[in-house]
Amino acid sequence: INSFVLGVGIFLSPFISKKFAFGNFRLVYVMGVLVYGIAYIGFSFSPNIYVFYALALLVGVGNVTTTIIPISMLVNNWFVKKRGLALSFSFTGLGVGGVVFSQTVTFLIANVGWRYTYVIYGLIMLLVGLPIGWFVFRARPEDMGMEAYGAEGKMPLKEGEKEVVDTTEHLSGVVLTKPYFILLLMGGVMVGLANNGGFGQFPPVLTDLHGPVRAATIISLYSAVGIVGKITLGNINDRFGTVFSTIYAAVLLTAAYLVMTLAANYSMAIVMAVLFGFGNAVGTVAPPLITAAIYAPKDFPKAYGYLQSALLLGMTAGSLFAAGIADITGSYNYAWISLAIVSILIGVSWVGAYKNAQKNKPHSR
């Protein structure tokens, strides 16, 4: 079912991004909440697995319409300065909400059964998401007569000074073949592989190595560190720029997977959890930041939609990629080494995309 949800995102992300950018933002979000909530309620009445699959497609529509894409676009529109920190806090909120809801769902299933749990979960989505989406969200600060945070810091031009126009070539049919666009998408796939390769395969491997109790401790550790990791990555991006923050995250993920080859030692497994917790923030915080660093604001929604599709493609394949290598070679260590190489390619792809895009930007005029 998770593959169905991610698969919908792969195909719909560019379309949904355009709808948010050029349509009625609040209406698109509210419709997404409705689809999301009703689909979850529908799970409770499913008579067979085929209905589950059909509803999972609707859940995928709701997921892509209400989570990463609208949050990224809102932050990109509302923040010029401190954009990285704002994104990191937003995605941290998603993570904390996920932890709270997972515990709530576990409690409800144990006490009222899975069918009633789906109804309650869907109703909570509708009761919380609909009023927030319609009455709170505003796509742009201009809609409220305000400016984006940091926009007021733009200094007027002095006499005789030329304006530097920061508009990377527009995303159109021709841009799909540009090296920076291809590298951007390649990096997105690599991020999805690196993140979900670990998230999908660490739990069973750690359970085999150290037993369920210690494995749960390690998993909880990298989940908790991940909250701090998102804030840290966003702050590093604001202070030192896109290139440095991308290299920082890629190095941490590479180190995490290399250390994982030594995870039969419990202490090394703990070290891995800390490194992975800080590094995997690249999967949420970094994609909108690298997109905003390359593309002009009016091109951001299109470019980010395509990047999100690439990221989801990598996420869909990540766990299978790691498990497949382990099956072929007979050892998970080869899978970890492969994912370490993939992590290096994140830095190579995204830094390469950024550098190439700078060369393609128009000169000052």
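The values are calculated or read from the model by the stated rules, or taken from the named source; none is laboratory data. From a predicted model like this one, the values you see are computed outputs, not experimental measurements. Using ideal geometry, Cβ is built from the backbone for each residue, glycine included, and neighbour counts are taken over all protein chains shown. Keep in mind that these areas ignore ligands, DNA and RNA; they rest on the heavy atoms of the full protein, side chains included. Shrake-Rupley method; radii C 1.70, N 1.55, O 1.52, S 1.80 Å.
For segment 110-131, enumerate the residues that are within 21 Å of the chain's Cα centre (by Cα) and open to solvent by 60 Å² or more (accessible area, probe 1.4 Å).
none
Of the residues 107, 101, 52, 91, only one is surrounded by 16 or more Cβ atoms within 10 Å (Cβ to Cβ) and not polar (S, T, N, Q); which?
None of the others qualify; the one that does is 91.
Pairs please, first residue from segment 96-109 and under 26 Å from residue 230 (Cα atoms) and modelled with pLDDT under 80, second anywhere and surrounded by 14 or more Cβ atoms within 10 Å (Cβ to Cβ) and not small (Gly, Ala, Ser), Cβ atoms under 7 Å, 6+ apart in sequence or on different chains.
The qualifying pairs are 96/227.
Between residues in segment 305-325 that are in contact (Cβ under 8 Å) with a residue 40 or more places away in the chain and residues that are among the basic types (Lys, Arg), which pairs lie under 9 Å by C-beta distance while being six or more apart or on different chains?
305/18
Within segment 132-145, take every residue that is open to solvent by 50 Å² or more (accessible area, probe 1.4 Å) and either small (Gly, Ala, Ser) or under 20 Å from residue 38 (Cα atoms) (or both) and give me the one that is nearest to the chain's Cα centre (by Cα).
Residue satisfying both the conditions and the ranking: 132.
Return yes or no: is residue 74 within 28 Å of residue 114 (Cβ to Cβ) and open to solvent by 10 Å² or more (accessible area, probe 1.4 Å)? Spell out how you get there, then give the answer.
Details: within 28 Å of residue 114 (Cβ to Cβ): no; open to solvent by 10 Å² or more (accessible area, probe 1.4 Å): yes.
No; evaluated as a whole, the condition is false for this residue.
Output the number of the condition that residue 197 fails; it satisfies all remaining conditions of (1) within 20 Å of residue 334 (Cβ to Cβ); (2) surrounded by fewer than 18 Cβ atoms within 10 Å (Cβ to Cβ).
Going through (1) within 20 Å of residue 334 (Cβ to Cβ); (2) surrounded by fewer than 18 Cβ atoms within 10 Å (Cβ to Cβ) one by one, residue 197 breaks only (2).
Would you mind stating whether residue 277 is over 15 Å from residue 84 (Cα atoms) and surrounded by fewer than 24 Cβ atoms within 10 Å (Cβ to Cβ)? Write out each step before concluding.
Values: over 15 Å from residue 84 (Cα atoms): yes; surrounded by fewer than 24 Cβ atoms within 10 Å (Cβ to Cβ): yes.
The answer is yes for residue 277.
Take the residues in segment 284-300 that are part of a helix (DSSP H, G or I) and either without any contact (Cβ under 8 Å) to a residue 60 or more places away in the chain or open to solvent by 10 Å² or more (accessible area, probe 1.4 Å) (or both); name whichever of them is farthest from residue 77 (Cα to Cα).
286
For segment 1-15, give me each residue that is within 18 Å of residue 70 (Cβ to Cβ) and open to solvent by less than 80 Å² (accessible area, probe 1.4 Å).
Listed by number, the residues that qualify are 5, 6, 8, 9, 10, 12, 13, 14.
On the given criteria, is residue 271 part of a helix (DSSP H, G or I), open to solvent by 60 Å² or more (accessible area, probe 1.4 Å) and closer than 16 Å to residue 218 by Cβ? Please lay out each step first, then the result.
On the way: part of a helix (DSSP H, G or I): yes; open to solvent by 60 Å² or more (accessible area, probe 1.4 Å): yes; closer than 16 Å to residue 218 by Cβ: yes.
It is true that residue 271 is part of a helix (DSSP H, G or I), open to solvent by 60 Å² or more (accessible area, probe 1.4 Å) and closer than 16 Å to residue 218 by Cβ.
Hand me the list of helices (runs of 4 or more DSSP H) wholly inside segment 1-82 holding 3 or more residues that are more than 30 Å from residue 242 (Cα to Cα) and in contact (Cβ under 8 Å) with a residue 60 or more places away in the chain.
25-43
Could you count how many residues in segment 256-311 are among the β-branched types (Val, Ile, Thr) and closer than 19 Å to residue 187 by Cβ?
Within segment 256-311, residues that are among the β-branched types (Val, Ile, Thr) and closer than 19 Å to residue 187 by Cβ number 6.
Quick check: is even one residue across segment 229-245 farther than 25 Å from residue 76 by Cα and surrounded by fewer than 19 Cβ atoms within 10 Å (Cβ to Cβ)?
So far as segment 229-245 goes, no, none of its residues is farther than 25 Å from residue 76 by Cα and surrounded by fewer than 19 Cβ atoms within 10 Å (Cβ to Cβ).
Just one of (1) at pLDDT 95 or above; (2) of a type in the set (Val, Ile, Thr); (3) over 23 Å from the mean Cα position of the chain (by Cα); (4) open to solvent by 60 Å² or more (accessible area, probe 1.4 Å) trips up residue 261, so point out which.
(4)
Please pick out the residue among 18, 82 that is within 22 Å of the chain's Cα centre (by Cα), open to solvent by 40 Å² or more (accessible area, probe 1.4 Å), on the phi > 0 side of the Ramachandran plot and of a type outside the set (A, V, I, L, M).
Numbers: 18 fails: on the phi > 0 side of the Ramachandran plot.
Unique residue meeting the criteria: 82.
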